[in-house]
Every structure is written in C-alpha cells, then in structure tokens.
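Participant: Dumping the structure here so I can ask a few things about it.
The values are calculated or read from the model by the stated rules, or taken from the named source; none is laboratory data. This is a predicted model, so every value here is computed, not measured. A quick note on method: Cβ atoms are made from the backbone with ideal geometry, for glycine too, and the neighbour counts reach across all protein chains shown. The protein model used for the area step is the full one, side chains on, heavy atoms only, and it has no ligands, DNA or RNA in it. Shrake-Rupley method; radii C 1.70, N 1.55, O 1.52, S 1.80 Å.
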Amino acid sequence: MSDHDHAPEAAHDDHGPAQYVEFLGFRMKKEYLMVLVVLSVLTIAEVGITFTRLDRKIMGVLLVGMAVTKASFVGLYYMHLKYEKKLLLWVAFTPLPLSAVYAAALMLDAEKILRGLTLPWNLLK
Amino acid sequence: MSALAKAQRRIEPTFGAATTGKVGMWIYLVTDAMTFAGLLIAYGILRAGNTQWPLPTSVLGIQFTAVMTFVLIISSVTMVQALDAAKHGDAKGAARWLFATVGGGLFFLLGQVYEYRHLIHEGFTLPSGNFPATFFVVTSFHGAHVFTGVTYLFIIAMGVRKGKFLDRGANKVEIAGLFWHFVDLVWILVFTFVYLI
C-alpha cells in the first residue's frame, strides 16, 4: 500500500499539479511510472539487440541512441531538470559538448601515436 | 535574523527556487561527469587502437548485468518515491523508500563483487590486457560511487526516520537523490559502452 494515501489524487508540488496512479499497489506519480516503463523497455531492447545479427556499426549507433535517451529521461524527470530554471540546465549540459571536443582532440592526437586506430566517424563511412 | 531571512539566504535566486546546496551538488556532479567522461574516452581510444579487442558480449555476462542495471533503475524509482513522500511530510514512508533504495544499491554492489570473482576466476584480471584493465577501472570507479551513495542514503534514511531532513521541501533528501540518480545515469552509459558495444 501507499505510504501517503492521504494526499489527494492531483496534489500540487513544486512543479504544479501532479497526477498520481496506482501501480502494483504503490501510489506513483504518473510521469515517474511513464519513465520507468521507457527505461525498462529500452533496457530490454538494448540487451535484445546484442543477440541479433545486425551490422555492428548500426548496432552501435542504435545502442548509443538508446543509452542517451535513457540518460536524458533520468536527468529530465528523476533529477527534475525539466522543471529547473534554464540556467541550471546550462550548468548541467554545457560541459557535454566540451567533453566531445576534448574526446575528438584526444582521438586525433592518439591516431598519430597508436597504430591501427580507427576514428569513430570513419566507422560510419 | 528571522527564520524567513535565513531560509532566503540559502536560496540562490539566479537559479530560481534552487537552494545553494542543490546548485552545489549540480556543480559537483558536472565535475564528476567529466571524470567519467575521461575514463570512457580513454576506454574508447584504447579500444579503437586495438584490432584484437574482444567483443564484450562474448566475455561478460550480459544477462546478469542487465538484471543489475534493472535493479539500479528500480532504485531510482524508489528514490523519487522517497522524495515525494518526504515532500508530503511522510517521514515513515520516506524512510521506507530510502531503505529500499539502499537495498537496491547493496544488491548492485553484491552483484558486482560476484561478477568480479567470476571474471577473475576465468583469468580476466587487471594486468591481463587493456580490456580487463579499462573494464575494472571504469566499473570499480562507478562501484565506489554506488558505495558512497548507499552510505549517504543510509545516513539520510536514518535521519528521516527520526523526523529530520523534511524541512524546506525535503531539500537534503532531494540533494542526496540527485547524487543517486547521477550514479544510475552514469551506469546507463557504462553498461552500453563497456558491456554492449
């Protein structure tokens, strides 16, 4: 049973009115349940895809896409970034493209040092 | 100074209603993400430079790790449930959900120990190659975060059980939750890059 059944069906929190649903006997916010379903389905799909005979490059792109989608759902809904002020979103996401630049620079450097290094963007050719 | 004035001092107006503690945790998480990014980039470079790199799915137990991943995802759900209960002033419910989250984290850690023992028994050891070396460094670094999160949440849960940490919109519970969700988020990426691709 729920731990706080006394709360009304559509309670207000920091982010406005919240819709609640019953799931396996637990009272959950509708969006939390929705995210749980998305994460579960994508995890099953990720594992399932590795057992297929799909081309490794296509598989890699699909797996990265699914992982980024899952991570985004966790960040936006469970870490509440969706409801934060835009400045906090900038704090959280600005380093991401910077780390991509960092990775690209390192790979270009490593290409000259390591023999047989295949850069990720060459894999897609 | 009045209680209201003290509370207002703890809110960082530049970031809306976010408290200074919450903004501080976000800044810490961003720097921590950079550390993980560095490790994953190193993994990627070493892998790309090695034509003999084994297919991870042929070496690692994917189904077992998928269960661990699912438990970590569930623990994120129990964490948001704990915060929701705490925000409603339900100390007993919040503590129960927090202990469930701690349980999920402990299950993950025990799973990791079992996985390491199995792999080491199979000869998959730290000095046996670049793949095992990077695998153990990345996953154990994440494991250290899970251990920290479990300890952090356990302390918060004990406090919540006694009626503490529920003031100011359960701010301390929310900050602890941010750390835990980050641990889950990072594992989603580690699972894909190290285990699946």
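Participant: Points 7 angstrom from Cα along the Cβ direction at B:Thr151 and A:Leu87: gap in nanometres?
Facilitator: Between B:Thr151 and A:Leu87, the label points sit 3.4 nm apart.
Participant: If you place +1 on the Cβ of every Lys and Arg, -1 on the Cβ of every Asp and Glu, and leave all else neutral, what size is the dipole of the stretch A:22-73 about its Cα centre, to the nearest 20 Debye?
Facilitator: 60
Participant: Now for a different question. Can you list residues from other chains, or at least 5 along the same chain, whose modelled amide H is less than 5 Å from the amide H of A:Ala18?
Facilitator: It is A:Ala11, A:His12, A:Asp13, by chain and number.
Participant: Place +1 on the Cβ of every Lys and Arg and -1 on the Cβ of every Asp and Glu in the protein assembly as shown, take the dipole about the Cα centre, and give the residue among B:Thr139, A:Leu98, B:Thr78 whose Cα lies farthest towards its positive end.
Facilitator: A:Leu98
Participant: Continuing with this model, one more query. Quick one: putting +1 on the C-beta of Lys and Arg, -1 on the C-beta of Asp and Glu, what dipole do you get for chain B around its Cα centre, in Debye to the nearest 20?
Facilitator: Rounded to the nearest 20 debye, it is 760 debye.
Participant: Can you list the HN-Hα couplings for the stretch A:54-65, worked out from phi with the Karplus curve (6.51, -1.76, 1.60; θ = phi - 60°), rounded to whole Hz and with x for Gly and Pro?
Facilitator: 4, 3, 4, 5, 5, 4, x, 5, 5, 5, 5, x
Participant: Something else about it: Can you tell me which of A:34-43, A:93-102 comes out highest on packing, and rank the rest after it, using the mean Cβ neighbours within 10 Å?
Facilitator: Result, highest mean first: A:34-43, A:93-102.
Participant: How high is the relative contact order of the stretch B:123-197, given as a whole-number percent (alpha carbon pairs under 8 Å, six or more residues apart)?
Facilitator: 29
Participant: Something else: Which semi-axes, in whole Å and largest first, does the equivalent ellipsoid of the stretch B:27-154 have when worked out from the alpha carbon gyration tensor as the square roots of 5 times its eigenvalues?
Facilitator: 33, 17, 11
Participant: While we're looking at this one, here's another question. Quick one: divide the alpha-carbon radius of gyration of the protein assembly as shown by 2.2 N^0.38 Å and tell me what you get.
Facilitator: Taking N as the residue count of the protein assembly as shown, the ratio is 1.06.
Participant: Would you grab the residues whose amide H sits under 5 Å from the one on A:Arg27? Only those 5+ places off in sequence or on another chain, please, with H modelled 1.01 Å from N.
Facilitator: Excluding prolines and chain starts, which carry no amide H, the hits are A:Ser2, A:Asp3.
Participant: Which whole-number value in Å² is the accessible area per residue of the stretch B:44-141, probe 1.4 Å?
Facilitator: 43
Participant: Angle check, please: helix B:130-161 long axis (alpha carbons) against the longest principal axis of chain B (alpha carbons), in degrees 0 to 90, nearest 10.
Facilitator: 20
Participant: Still on this structure, please answer the following. Mind listing, in residue-number order, the residues in the stretch A:93-112 that have at least 10 Å² less accessible area with every protein chain present than in their own chain alone (1.4 Å probe)?
Facilitator: Residues of the stretch A:93-112 that lose at least 10 Å² of accessible area once the other chains are added: A:Pro95, A:Ser99, A:Tyr102, A:Ala103, A:Leu106, A:Met107, A:Ala110.
Participant: Measure out, as a whole number of angstrom, how far apart the alpha-carbon centroids of the stretch A:35-65 and the stretch B:149-173 sit.
Facilitator: So the two Cα centres are separated by 36 Å.
Participant: Next question, about the same structure. Viscosity 1.002 mPa s, temperature 20 °C: Stokes-Einstein D of the stretch B:94-183 from its Kirkwood Cα radius, in µm² per second?
Facilitator: It comes out at roughly 148 µm²/s.
Participant: Chains B and A: what accessible area do they bury, summed, in square angstrom to the nearest 100, with a 1.4 Å probe?
Facilitator: Approximately 4500 Å², summed over both chains.
Participant: How would you rank B:23-32, B:63-72, highest first, on the average number of other Cβ atoms within 10 Å across their residues?
Facilitator: Ranking the peptides B:23-32, B:63-72 by packing returns B:63-72, B:23-32.
Participant: Using only atoms on other chains, find how many Cβ atoms lie within 10 Å of each Cβ of peptide B:31-38 and report the average.
Facilitator: Partner-chain Cβ atoms within 10 Å, mean over residues of B:31-38: 3.
Participant: Can you give the Rg and Dmax of the stretch B:76-145 based on its C-alpha atoms, in angstrom?
Facilitator: 17.3, 53
Participant: If you don't mind, another one. Magnitude of the Cβ-charge dipole of the stretch B:61-129, K/R +1 and D/E -1, about the Cα centre, nearest 20 debye?
Facilitator: 200
Participant: Still on this structure, please answer the following. What ³J(HN,Hα) values, in whole Hz, does the Karplus curve 6.51 cos²θ - 1.76 cosθ + 1.60 give for the stretch A:88-99 when θ = phi - 60°, with x put for Gly and Pro?
Facilitator: 5, 4, 5, 4, 6, 9, 4, x, 4, x, 5, 5
Participant: Taking 31 Å as the cut-off for C-alpha to C-alpha distance, list the pairs among A:Lys57/B:Lys22; A:Lys86/B:Lys87; A:Lys30/A:Lys86; A:Lys70/B:Lys87; A:Lys82/B:Lys172 that go past it.
Facilitator: Beyond 31 Å: A:Lys57/B:Lys22.
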